[in-house]
Amino acid sequence: DGWLNEFAIEYAGGFLGGKTSFTKFTADNRLYRQIRGVVFAGALRLGYAQGLRSNRKRSIASFERFRAGGSTTVRGYGERSLGPVDESGNHRGDVMLILNTELRFPIYKRVGGVLFLDIGNVWNDLSEIKNASPLLHSSVGIGVRVNTPLGPARIDYGFPLVKGNSPQIYFELGHAF
């Protein structure tokens with residue numbers, strides 16, 4: 001049981017110098033509740049980035065932009081496959097919304113199961129959100145967790161709810177969130 005709440009502000013460039021200048025805000029809010037051995041886990045992650053005055057017309061460096069899709073964001077889609085394509089050919093954006101929910105339950109000793117729903121996307125700008133199609137990508141899935149000395153090992157199988165996408169399998173160490 002418990003909460004994890006993080007809020008971060010990143011500042012680059014401006015009076016600090018550098019080739020790019022931006023401000024990035026991120027919020028990560030997670031909730032965990034246990035009822036009779038079953039754990040409900042939920043996460044809401046938000047992000048917004050904007051170039052500073054001297055950099056508003058130029059894109060923020062690709063590696064500093066938000067990404068969605070894959071094993072820790074919206075399972076059921078390929079890693080970093082959601083959102084607009086930037087000048088580097090990567091799916092990235094300056095606005096992010098990710099919502100994850102899981103029902104975690106024991107199966108046998110060190111083995112547990114998970115049912116999940118993931119929703120999210122990234123966009124270049126807030127103005128793009130109202131015209132986005134689909135607005136949000138979503139998926140449902142199942143997973144198995146095995147507690148190991150290194151932490152949980154997991155296998156997730158995500159089914160995208162948008163037609164034209166095939167299910168994805170993920171093998172990872174650690175929880176999705």
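Among what's in the stretch 49-70 and is part of a helix (DSSP H, G or I) and not acidic (Asp, Glu), pick the residue that is modelled with the lowest pLDDT. Give the derivation first.
So in the stretch 49-70, the residues part of a helix (DSSP H, G or I) come out as 53-55, 62-64.
Cutting the leftovers down to not acidic (Asp, Glu) gives us 53-55, 62-63.
Values: Arg53: 72, Ser54: 63, Asn55: 60, Ser62: 85, Phe63: 88.
My answer is Asn55.
Within the stretch 21-38, track down each residue that is within 22 Å of Met96 (Cβ to Cβ), exposed (fewer than 15 other Cβ atoms within 10 Å of the Cβ) and either in contact with a Lys or Arg (Cβ under 8 Å, 6 or more places away or on another chain) or among the polar types (S, T, N, Q) (or both).
Listed by number, the residues that qualify are Ala27, Asn29.
Just give me the residues in the stretch 118-177 being in a strand (DSSP E or B), polar (S, T, N, Q) and open to solvent by less than 80 Å² (accessible area, probe 1.4 Å), in sequence order. Steps first, answer last, please.
First pass over the stretch 118-177, keeping only residues in a strand (DSSP E or B): 118-123, 137-148, 151-160, 168-173.
Still in the list and also polar (S, T, N, Q): 121, 138-139, 147-148, 168.
If the condition is that a residue be in a strand (DSSP E or B), polar (S, T, N, Q) and open to solvent by less than 80 Å² (accessible area, probe 1.4 Å), then Asn121, Ser138, Ser139, Thr148, Gln168 are the ones that fit.
Please go through the stretch 1-38 and pick out each residue that is of a type in the set (S, T, N, Q) and outside any strand (DSSP E or B). Outline the logic, then answer.
Taking the stretch 1-38 as the starting set, the residues that turn out to be of a type in the set (S, T, N, Q) are 5, 20-21, 23, 26, 29, 34.
Listed by number, the residues that qualify are Thr20, Ser21.
The values are calculated or read from the model by the stated rules, or taken from the named source; none is laboratory data. From a predicted model like this one, the values you see are computed outputs, not experimental measurements. Note that we place each Cβ from the backbone using ideal geometry, even for glycine, and neighbour counts take in every protein chain shown. Just so you know, the surface numbers come from the protein's heavy atoms only, side chains and all, with ligands and any DNA or RNA stripped out. Shrake-Rupley method; radii C 1.70, N 1.55, O 1.52, S 1.80 Å.
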